[in-house]
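Below you'll find the structure, written out as structure tokens, and then a few comments.
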Amino acid sequence: MFLPTLLVLIFSPFGVLTSKPDKFTEELFIKPLYSDQLYVHFHFATKWDTNPEQETFRHTHIFPRALGEIVERYNVQELHVSLTGGLWRYETWGYPILDAAPGAEVWAWFKDTTEDVDQNWKLLASSLSGLLCASLNFIDKANSIRPEYTFKPKGVFSGSNLNSSFVRYSSLPREIVCTENLTPWKKLLPCESKSGLASLLNSGYIHNTRYHSVAIHMRPVCRDSSCEFVSLELQQTVSLVYDYLILGTKNWSFRKLFGQGLMGRCPLAETSTIYIDTTSNTSVPFQLTPSPDDYVTSIRGGHVNTFAKYVVRPYAMSLNANFLGKESVLLNAPPSLHANQYITGYGQERGGIVTKIYNNHWSHLDVVVLQNIPWYVPIYLHTLKIEVNGLEAEPLKIRYIPGRQRERPYHLELLLKLPARSVTSVSVDFDYVFLKWQEYPPDANHGFYIGSAIISANLPLARNFTGLPQDGSTIADSFNASRSGYLVQVRTENMVITLPTPDFSMPYNVICLACTVVALAFGPLHNITTKRLVLTVKDNEKLIVKIKNKIVKVLTDRRGGEEKQSVQ
Amino acid sequence: MGLFTPIFVAFCASLAHSQLDFEFPKNGHTNNWAVLVDTSRFWFNYRHVANVLSIYRSVKRLGIPDSQIILMIADDMACNPRNPRPATVFNNANQHINVYGDDVEVDYRGYEVTVENFVRLLTGRLPPGTPRSKQLLTDEGSNVLIYLTGHGGDGFLKFQDSEEITSQEMADALEQMWQKQRYHEIFFMIDTCQAASMYERFYSPNILAVGSSLVGEDSLSHHVDSSIGVYIIDRYTFFALEFLENVDQHTKKTMGEFLNVCPKRVCISTVGVRRDLFARNPHQVPITDFFGSVRPVEVISNVTLVPLVTNETKTKPVAQPTKKYRYIPPLVNFNSIV
């Protein structure tokens with residue numbers, strides 16, 4: 001534990017000795033959402049001043065070594081994993097701090113020295129499955145794509161031009177998220193769940209929410225503004241959306257949300273802060289007890305937000321919010337960009353996938369649409385139809401890599417220009433296919449999942465936006481962080497299709513039926529073909545005569561036999 | 001000098017001797033592992049998940065660390081949308097014990113619970129890249145607890161309603177383990193219908209086996225929880241958990257007592273035991289030989305702690321930046337495309 005200070009002593013460019021090479025911050029962000037929900041986001045960030053290109057992860061201080069070893073072994077430059085239960089409702093909730101698709105989602109950039117990216121990707125996913133107790137080992141070449149436009153590195157990059165052959169993306173939409181994923185995730189934190197904000201993460205409470213997402217994001221970042229040196233950043237987050245209906249009341253408190261109060265900060269954390277978005281306080285007023293240490297006003301992208309700030313001290317605290325009676329009905333203007341996805345068609349022969357993208361902004365938006373469609377849903381590019389407000393339109397660019405059965409999914413990436421205040425629908429047709437008998441899962445009748453489409457855009461306004469800037473690693477970095485654009489990556493719903501599923505008792509039925517038919521047909525046929533019809537004289541002898549004849553016959557036969565023997 | 005040498009040698013010898021004693025305790029095993037398998041999918045099989053988690057809870061409480069427990073659960077009951085109490089699995093309707101707990105680690109889940117994975121796990125023939133938490137890293141000093149629950153019949157156990165392992169395959173897998181020196185002793189426990197048929201074919205030594213019912217008998221569930229609408233736990237495991245809840249790490253209870261946890265009047269089925277392969281008398285085997293964990297601890301006195309030398313003055317030369325780092329714009333520049 002003390003070794004990194006020994007080994008990694010690096011002077012900053014100004015010649016000041018940095019004694020601690022790594023820094024851990026914990027933050028809790030709470031925002032009341034418009035539609036009777038409460039957004040709670042735990043954000044743990046570790047920044048380690050080490051060169052990720054040379055780091056061996058033999059000695060780590062705060063950075064989890066278990067993750068470091070995997071990253072080093074498989075030559076990973078950047079890693080993003082999320083496990084999510086529920087769907088983020090962009091239309092009513094606005095934008096989350098980190099977007100995540102329902103189920104499991106993994107994407108990673110590998111270093112440009114990697115020889116066999118596919119192999120490393122498979123082994124990386126397999127190792128992550130052990131690290132996070134999730135079935136990520138089902139990720140392989142057959143369900144992974146190399147996005148060209150959607151997943152640029154979030155961290156710093158040193159080469160001259162990007163090569164998308166080093167990025168891999170995959171999602172497992174069916175993956176469930178429960179305590180067994182949270183437990184190992186908590187063990188990667190320096191204080192685990194023993195103290196600090198992570199001690200609030202009690203599984204019984206956090207899984208009783210509308211949306212819960214556990215994520216790990218690792219990337220190299222600039223050490224300072226000059227960006228001559230690189231640091232390694234790890235963000236571990238848990239996002240929750242509580243429903244006031246499930247809570248039973250609008251007045252929330254730590255005890256109601258997490259079952260307990262906060263027992264102080266993590267001693268290893270540099271800062272431990274709680275931010276509560278009080279912007280909505282003007283319309284739906286609530287009172288916080290105890291009163292906050294400070295108020296922070298953030299002007300970002302033309303929008304003003306106020307946050308109540310609590311600095312967590314090394315002793316117990318709780319937090320209550322009481323809504324004051326007078327409530328005005330809020331009209332939430334939907335966010336600039338949101339999307340839906342659904343299946344069309346009927347029957348078990350042909351179907352279609354439709355992605356509807358809504359641009360509510362007053363000017364046009366440039367978006368990238370990414371579809372990762374499994375190989376067992378063969379789509380036809382010639383049926384691709386893009387309609388803007390009912391009129392057919394052309395995409396700026398199409399990147400399409402057709403799938404191959406059992407080897408590669410269908411990868412469709414579209415660059416679109418959405419006109420102001422428009423609804424764009426992207427539709428493509430597919431065929432339902434039969435799988436091989438052994439390829440059906442044990443619950444084949446449940447249906448097969450198609451993952452979310454991802455719609456990426458740089459929004460010009462930060463309305464409803466809570467995300468972090470690219471150069472920021474904490475929530476505090478997002479205050480007053482006005483930039484030229486605000487990246488959102490909207491995830492749509494997963495879809496479930498029912499592939500034609502055979503009756504698995506069919507072989508048994510076939511055997512039974514076939515055997516019956518054979519028995520019925522074969523018996524008479526065999527009789528007819530092998531037996532000779534012989535005419536016999538109908539005898540009317542009496543029983544005594546019959547017996548007498550038989551005895552005579554036996555006697556004469558025996559005599560004949562003896563004769564034969566003697567002949568031999 | 002010549003006078004000191006014999007003393008030194010004698011000291012070394014005694015040290016080596018104590019070392020040997022320490023490495024080979026009297027009961028012969030040096031570590032404990034548990035393989036706990038629930039083979040049933042679907043909500044109406046809630047009780048099987050509660051079964052396997054009951055045993056998981058007990059072995060974890062009695063000291064086997066998560067790194068030495070392989071837990072296979074074929075379906076998610078705790079976070080199932082039908083569960084009115086998310087992230088919990090209870091052992092009875094009064095919600096006495098949340099067997100799921102707050103720090104559960106499931107190693108194989110959902111579609112990963114297959115006969116192939118189970119046999120590969122036991123025999124150690126796993127594909128490359130399998131993480132440590134999914135491997136059974138036992139050796140010739142390992143006492144292994146194998147617990148299976150699910151739907152079975154005469155000579156087979158169903159996995160996920162789609163495939164089955166036969167008793168012969170099970171026996172062969174254990175024999176392979178024995179030949180590869182992957183265990184010292186095995187306690188094989190199975191809670192399914194006709195459970196005894198699963199261990200009838202065993203032919204490898206040092207296996208003590210118990211099944212919740214004899215061939216021709218059904219194993220029965222304990223009671224219904226009306227709030228979840230299905231049976232909550234099976235009889236045999238319910239009473240096994242009741243017994244294990246009263247066991248702690250310093251217990252004097254024996255395996256012999258454990259084999260009698262569920263007499264026929266409460267279990268309704270007859271609990272079958274096979275002890276001919278097991279060399280020891282179960283009444284003299286502490287229950288912690290299988291449900292607990294050996295943690296060899298050596299108490300050393302007279303140790304002087306050497307302070308960690310922190311060489312503060314030693315510094316590396318300032319690394320010269322050789323590369324130019326920059327953030328890439330997250331989205332492609334549309335103007336360059338048009």
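Considering only beta bridges that DSSP places wholly inside the stretch B:32-291, some 35 percent are antiparallel. Take each residue of peptide A:178-190, count the partner chain Cβ atoms within 10 Å of its Cβ, and average: the result is 5. Ranked by the mean number of other Cβ atoms within 10 Å of their residues, highest first, the peptides A:216-225, A:523-532 fall in the order A:216-225, A:523-532.
From helices alone, chain B scores -7500 deg cm²/dmol at 222 nm; the rule is -39500 (n - 2.57) for each run of n ≥ 4 DSSP H residues, then divide by the residue total. Label-to-label distance for A:S165 and B:H283 is 7.3 nm, based on points extended 7 Å past Cα in the beta-carbon direction. Ligands, DNA and RNA left out, the 1.4 Å accessible surface of the stretch A:506-567 is 68% carbon and sulfur atoms. Rolling a 1.4 angstrom probe over the protein heavy atoms with all chains in place gives the stretch B:209-264 an accessible area of 43 Å² per residue.
Per-residue ellipticity at 222 nm computed for chain A from its helices equals -5500 deg cm²/dmol, with DSSP H segments shorter than 4 residues left out and the rest contributing -39,500 (n - 2.57). Mind giving me the FRET efficiency for B:V297 and A:N509? R0 is 51 Å, r the Cβ-Cβ distance, nearest 0.05 is fine. Here the calculated transfer efficiency is 0.25.
Angle of helix A:506-530 to the longest C-alpha principal axis of chain A, folded into 0 to 90 degrees and rounded to 10: 10°.
Among the residues of the stretch B:76-93, those with an accessible-area drop of 20 Å² or more from chain alone to full protein complex, heavy atoms and 1.4 Å probe, are B:D76, B:C79, B:P86, B:A87.
So which of A:K256/A:K309; A:K111/B:K323; A:K122/B:K323; A:K47/A:K111 end up more than 18 Å apart by C-alpha? With Cα atoms farther than 18 Å apart: A:K256/A:K309; A:K122/B:K323; A:K47/A:K111. Across the stretch A:337-460, Cα pairs under 8 Å and at least six residues apart give a relative contact order of 37 percent. In terms of packing, defined here as the mean over residues of other Cβ atoms within 10 angstrom, the peptides A:29-38, A:229-238, A:161-170 line up highest first as A:229-238, A:29-38, A:161-170.
Loop-located trypsin sites (Lys or Arg not before Pro) in the stretch A:377-474 (DSSP state other than H, G, I, E, B) with a sparse environment of at most 13 neighbouring Cβ atoms within 10 Å: A:R406, A:R421, A:K436. Listed peptides A:466-476, B:219-229 appear in the order A:466-476, B:219-229 once ranked by packing, highest mean of other Cβ atoms within 10 Å at the front. Taken residue by residue and averaged, Cβ atoms of other chains lying within 10 Å of the Cβ of B:103-116 number 5. Applying the Kirkwood pairwise sum to the alpha-carbon positions of the stretch B:138-294 produces a hydrodynamic radius of 16.2 angstrom.
Counting only alpha carbon atoms, the long axis of helix A:117-132 and the longest principal axis of chain A meet at about 80°.
What is the Cα centroid distance between the stretch A:54-94 and the stretch A:253-309, reported in whole angstrom? Using only Cα atoms to place each centre, the spacing works out to 26 Å.
Spatial offset of the stretch A:424-466 relative to the stretch A:175-230 amounts to 26 Å, using the alpha carbon center of each. In straight-distance terms, cross-link reach from B:K180 covers every one of the lysines whose alpha-carbon lies under 25 Å from its own, apart from those fewer than eight places away in the same chain; here that gives B:K26, B:K134. For A:T498 and A:K111, the difference between the fully extended length at 0.36 nm per residue and the C-alpha to C-alpha distance is 135.4 nm.
Here the relative contact order of the stretch B:32-291, from alpha carbon pairs under 8 Å that lie six or more residues apart, stands at 21 percent.
Looking at the calculated P(r) for the stretch A:506-567, what percent of the C-alpha pair distances fall above 18 Å? Result: 70 percent of Cα pairs exceed 18 Å. Over chain B, the ratio between the Cα radius of gyration and 2.2 N^0.38 Å evaluates to 1.27.
Counting only other chain Cβ atoms within 10 Å of each residue's Cβ, the peptide A:304-311 averages 0. Residues within the reach of a label modelled at B:R274 (point 7 angstrom out along Cα to beta-carbon, backbone nitrogen below 15 Å), restricted to the stretch B:210-231, are B:210-216.
Going from the chain on its own to the full set of protein chains, the stretch A:87-131 has these residues losing 10 Å² or more of accessible surface (heavy atoms, 1.4 Å probe, no ligands, DNA or RNA): A:L123, A:S126, A:S127, A:S129, A:G130. In percent, rounded to a whole number, the relative contact order of chain A is 15, using alpha-carbon pairs under 8 Å and six or more apart. Look at the dipole of the protein assembly as shown built from charges on Cβ: of A:F448, A:N332, A:S318, the Cα furthest out on the positive end belongs to A:F448. Globularity index of the protein assembly as shown is 1.17 (Cα radius of gyration / 2.2 N^0.38 Å, N = number of residues). Calculated from the alpha-carbon coordinates, the stretch A:337-460 shows an Rg and a Dmax of 15.7, 52 Å respectively.
The values are calculated or read from the model by the stated rules, or taken from the named source; none is laboratory data. All values derive from a computational prediction rather than experimental measurement. Cβ sites come from the backbone with ideal geometry, for glycine too, and all protein chains shown count toward neighbours. SASA here: full protein model, heavy atoms, side chains in, ligands and nucleic acids out. Shrake-Rupley method; radii C 1.70, N 1.55, O 1.52, S 1.80 Å.
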